[in-house]
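Asks: Below is the structure I would like to discuss, written out as structure tokens.
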Amino acid sequence: MVTLELDQVGARYGRRAILQDASTPPISGGALTALVGPNAAGKSTLFRRVAGQLRGAGSVRLTGAEQSDLRYMPQDTGMNAALTVYESIILALKQGGGGWRLSASELAAVDHVLVRLGVTALADRQLPELSGGQRQVVSIAQTLVGRPGVVLMDEPTSALDLYRQYEVLEALRSYAEETGAVMVLALHDLNQVMRCCTTTIALFEGRILATGPTLDVLRPDLIRRLYGIDSRVEHCSRGCPMMIVDGPTSRVRSVA
Amino acid sequence: MASLSTEAPTTAMAYRGLVVRRVLLLGLLAGLLVLSVAVDVSLGPARYEVLDVLRTIFAPGSADVQMRVVVWDIRMPMAVLAVTVGASLSLAGAQMQTILANPLASPFTLGLSAAASFGAALAMVLGVALFPAVIGLMVPINAFLMAMAAALLIFGLSTLRGVTVETIILLGIALVFTFNAALALLQYFASEQALSAVVFWTMGSLTKATWPKVGVTAVILLICVPLFARRAWALTAIRLGEARAAAMGVPVRRLRLEALFLVSLLAAVPVSFVGTIGFIGIVGPHVARLLLGEDQRFFLPGAMLAGALILSATSVLSKALLPGAVLPIGIITALVGVPFFAALILTKGRKAW
């Protein structure tokens with residue numbers, strides 16, 4: 001089992017501090033963790049800091065996995081290259097290095113991830129021909145192909161239809177269960193978070209306000225503070241907790 | 001999991017099939033190139049039988065002196081220089097397009113050719129040697145130094161923080177106009193004799209080919225190709241976007257600078273020998289991309305072969321169009337290249353560029 005722990009992690013762009021004193025208890029793998037917060041809260045910055053792309057104060061502690069087992073899926077990936085889906089996933093497996101020859105086990109890994117995400121039919125399609133949703137699933141396949149122990153995904157379901165969202169999140173959850181990987185997903189749809197993620201990290205203005213079991217974190221008072229939205233939790237006919245939005249909180253909230 | 005055993009082998013097998021097709025296409029390009037070079041050597045103002053030419057190539061001792069001189073000292077350097085220059089310019093264009101994420105990037109569109117023309121004109125019109133060591137090589141050395149200066153300006157700019165790829169492209173376009181204006185100014189003041197020399201130089205020509213020139217371009221290729229080949233995966237990764245490549249651990253900035261430096265050499269040297277040969281650096285990579293995709297393991301050799309083949313075929317064309325005369329090759333590449341260039345701009349949409 002892999003765990004990820006942040007200890008007073010900070011990051012800045014030039015003089016502007018985007019992330020300050022971000023600490024979490026050890027987050028254990030094997031299940032999905034959500035990273036929630038309003039736009040510009042610092043979610044992508046937190047990911048890039050953890051992924052080692054940004055330097056800054058504090059420390060990121062991994063147990064049961066190396067930094068090289070970490071994969072970060074940025075929000076936008078280029079899809080205008082003349083590559084087939086299969087080639088792009090091989091490329092992701094190679095991580096920008098290594099020899100020209102491909103081993104049978106490497107090809108098997110690509111096959112495996114295509115099956116896992118249900119996109120074998122896309123294997124020989126050219127990237128630019130894909131729809132927005134297909135691109136997102138391919139991007140997820142690129143991220144998972146090396147069987148990473150730590151996965152950070154920036155809005156992995158933003159372009160997917162309702163059914164695909166659940167299908168993909170289910171695939172991610174089963175990947176986490178099977179491998180024990182830590183999987184942190186930045187998500188905007190809090191109902192998805194409640195349904196699929198056991199742990200939630202709430203980020204606001206570069207600081208972590210809460211980390212814990214999802215239903216404990218996503219309480220109406222925290223939602224009000226994060227988003228300026230009045231809400232309550234009810235249950236759907238199948239027993240899943242759902243967030244009902246009543247509307248914006250009356251007090252004026254600055255966008256910046 | 002049952003689907004794993006039935007479906008998994010098919011995608012890998014399909015991919016293996018794709019690889020085989022690509023290797024065969026590379027072989028086909030190489031075969032066509034050999035053929036084109038053979039035709040190129042057999043054509044020329046002096047009419048020789050193809051078999052005699054071939055015998056002169058493979059058994060020079062058996063041919064008479066005049067034929068040996070024509071084939072070995074005139075036609076062969078031209079034909080082989082077409083190959084090395086075509087490969088260099090196409091490779092330079094391919095990697096410029098890769099690292100700048102722009103389909104219109106090439107030595108020609110980023111001002112390297114224009115800078116070289118200006119440098120050459122400085123020598124021909126004003127007799128100014130930018131590097132006065134060897135007066136006999138004043139024109140190519142001037143052209144090389146100006147092309148390198150333009151490339152290093154672009155290179156230097158791209159090392160600055162916050163400079164985007166778009167800025168680099170726009171600077172390149174600005175360079176084209178600047179050097180063209182400077183060249184026009186020189187032409188305005190040039191003597192008639194110098195003017196015709198400048199005009200002929202800017203048309204681009206392989207007729208001044210010599211073995212040393214072939215050697216220099218070949219050495220540059222031999223240096224650059226392994227360096228690019230070692231970074232094949234990283235270069236391909238850049239095409240998934242800077243964010244994704246960085247997430248893979250590719251040092252994007254450093255790779256971009258290294259590649260830009262190699263590309264400068266690859267473009268400046270041939271241009272200084274043959275003048276303005278436009279569009280090879282655009283057409284070559286695009287042909288390779290269409291045929292082979294952008295996996296650098298195939299794209300890199302493919303772009304070189306395509307560029308070499310196009311320039312070699314153009315060289316054949318430049319001799320065949322007007323029997324007895326050799327048209328400046330730059331005119332023909334431009335005539336063929338412009339419609340292609342336009343088609344490239346106009347066919348947008350869901351296509352890989």
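Asks: Taking the range A:86-104, which residues are without any contact (Cβ under 8 Å) to a residue 12 or more places away in the chain and closer than 19 Å to residue B:20 by Cα?
Replies: A:87, A:99, A:100, A:101, A:103, A:104
Asks: If you check every pair at least six apart or on different chains, which have Cβ atoms under 6 Å apart with a residue in the range B:63-85 that is within 30 Å of residue B:301 (Cβ to Cβ) first and a residue that is surrounded by fewer than 20 Cβ atoms within 10 Å (Cβ to Cβ) and modelled with pLDDT of 90 or more second?
Replies: Qualifying pairs under 6 Å: B:77/B:210; B:77/B:211; B:84/B:218.
Asks: Tell me, please, whether a residue that is of a type in the set (Val, Ile, Thr) and either crowded, with 24+ Cβ neighbours inside 10 Å or more than 13 Å from residue B:91 (Cα to Cα) (or both) can be found in the range B:253-270.
Replies: Keep residues of the range B:253-270 that are of a type in the set (Val, Ile, Thr), which gives B:263, B:269.
Then drop every residue that is not either crowded, with 24+ Cβ neighbours inside 10 Å or more than 13 Å from residue B:91 (Cα to Cα) (or both), which leaves B:263, B:269.
Among the residues of the range B:253-270, at least one is of a type in the set (Val, Ile, Thr) and either crowded, with 24+ Cβ neighbours inside 10 Å or more than 13 Å from residue B:91 (Cα to Cα) (or both), which makes the answer yes.
Asks: Could you count how many residues in the range A:128-140 are at the interface with chain B (Cβ under 10 Å from one of its Cβ atoms) and of a type outside the set (Gly, Ala, Ser)?
Replies: 3
Asks: On to the next question. Given the structure, is residue B:262 modelled with pLDDT of 90 or more and within 21 Å of residue B:147 (Cα to Cα)?
Replies: Taking the combined requirement at face value, the residue satisfies it.
Asks: Restricting to the range A:141-160, count the residues that are in a loop (DSSP other than H, G, I, E, B), crowded, with 24+ Cβ neighbours inside 10 Å and within 13 Å of another protein chain (Cβ to nearest Cβ).
Replies: Total meeting the criteria: 1.
Asks: Taking into account only those residues within the range B:226-240 that are outside any loop (DSSP other than H, G, I, E, B) and more than 7 Å from chain A (Cβ to nearest Cβ), which is surrounded by the fewest Cβ atoms within 10 Å (Cβ to Cβ)?
Replies: By that ranking, first place goes to B:226.
Asks: Mind telling me which of the residues B:267, B:243 ends up being more than 13 Å from chain A (Cβ to nearest Cβ) and more than 16 Å from residue A:97 (Cβ to Cβ)?
Replies: Going through B:267, B:243 in turn, just one is more than 13 Å from chain A (Cβ to nearest Cβ) and more than 16 Å from residue A:97 (Cβ to Cβ): B:267.
Asks: Residue by residue through the range A:1-42, note down the ones that are within 30 Å of residue B:161 (Cβ to Cβ) and among the acidic types (Asp, Glu). Working first, answer last.
Replies: Taking the range A:1-42 and keeping what is within 30 Å of residue B:161 (Cβ to Cβ), we get A:6-22, A:35, A:37-42.
Across the range A:1-42, the qualifying residues are A:7, A:21.
Asks: Does residue B:91 satisfy the criteria of being assigned to a helix (DSSP H, G or I), modelled with pLDDT of 90 or more, out of contact with any His (no Cβ under 6 Å at 6 or more places or on another chain) and assigned by TED's automatic domain parsing to the domain that holds residue B:206?
Replies: Working: assigned to a helix (DSSP H, G or I): yes; modelled with pLDDT of 90 or more: yes; out of contact with any His (no Cβ under 6 Å at 6 or more places or on another chain): yes; assigned by TED's automatic domain parsing to the domain that holds residue B:206: yes.
Yes.
Asks: Take the residues of the range A:105-127 that are more than 8 Å from chain B (Cβ to nearest Cβ) and not in a loop (DSSP other than H, G, I, E, B): which is farthest from the chain's Cα centre (by Cα)?
Replies: A:105
Asks: Cβ-Cβ under 7 Å, sequence separation 6+ or interchain: first residue in the range A:54-75 and more than 19 Å from residue A:1 (Cα to Cα), partner of a type outside the set (A, V, I, L, M) and part of a loop (DSSP other than H, G, I, E, B). Which pairs?
Replies: So the pair list comes out as A:57/A:8; A:58/A:8; A:73/A:156; A:75/A:155.
Asks: Also, I was wondering about something else. So which of B:47, B:68, B:22, B:16 is part of a helix (DSSP H, G or I), at pLDDT below 90 and charged (D, E, K, R)? If you could, list the steps in order and put the result at the bottom.
Replies: Details: B:47 fails: part of a helix (DSSP H, G or I); B:22 fails: at pLDDT below 90; B:16 fails: at pLDDT below 90.
None of the others qualify; the one that does is B:68.
Asks: Mind telling me which of the residues A:72, A:86 ends up being under 18 Å from residue A:183 (Cβ atoms) and at the interface with chain B (Cβ under 7 Å from one of its Cβ atoms)?
Replies: Just one listed residue meets the conditions, A:72.
Asks: Considering the range B:270-296 alone, what residues qualify as being outside any helix (DSSP H, G or I) and either within 12 Å of another protein chain (Cβ to nearest Cβ) or within 26 Å of residue B:26 (Cβ to Cβ) (or both)? First the steps, then the outcome.
Replies: Looking only at the range B:270-296, we keep the residues that are outside any helix (DSSP H, G or I), and these are B:275-279, B:293-295.
Those that are outside any helix (DSSP H, G or I) and either within 12 Å of another protein chain (Cβ to nearest Cβ) or within 26 Å of residue B:26 (Cβ to Cβ) (or both): B:277, B:278, B:279, B:293, B:294, B:295.
Asks: Same structure again: What do you reckon, is residue B:35 under 30 Å from residue B:111 (Cα atoms) and either assigned by TED's automatic domain parsing to the domain that holds residue B:305 or surrounded by fewer than 16 Cβ atoms within 10 Å (Cβ to Cβ) (or both)?
Replies: So residue B:35 fails the test.
The values are calculated or read from the model by the stated rules, or taken from the named source; none is laboratory data. As the structure is a prediction and not an experimental result, all values here were calculated from the model. Positions of Cβ are backbone-derived with ideal geometry, glycine not excepted, and every protein chain shown enters the neighbour counts.
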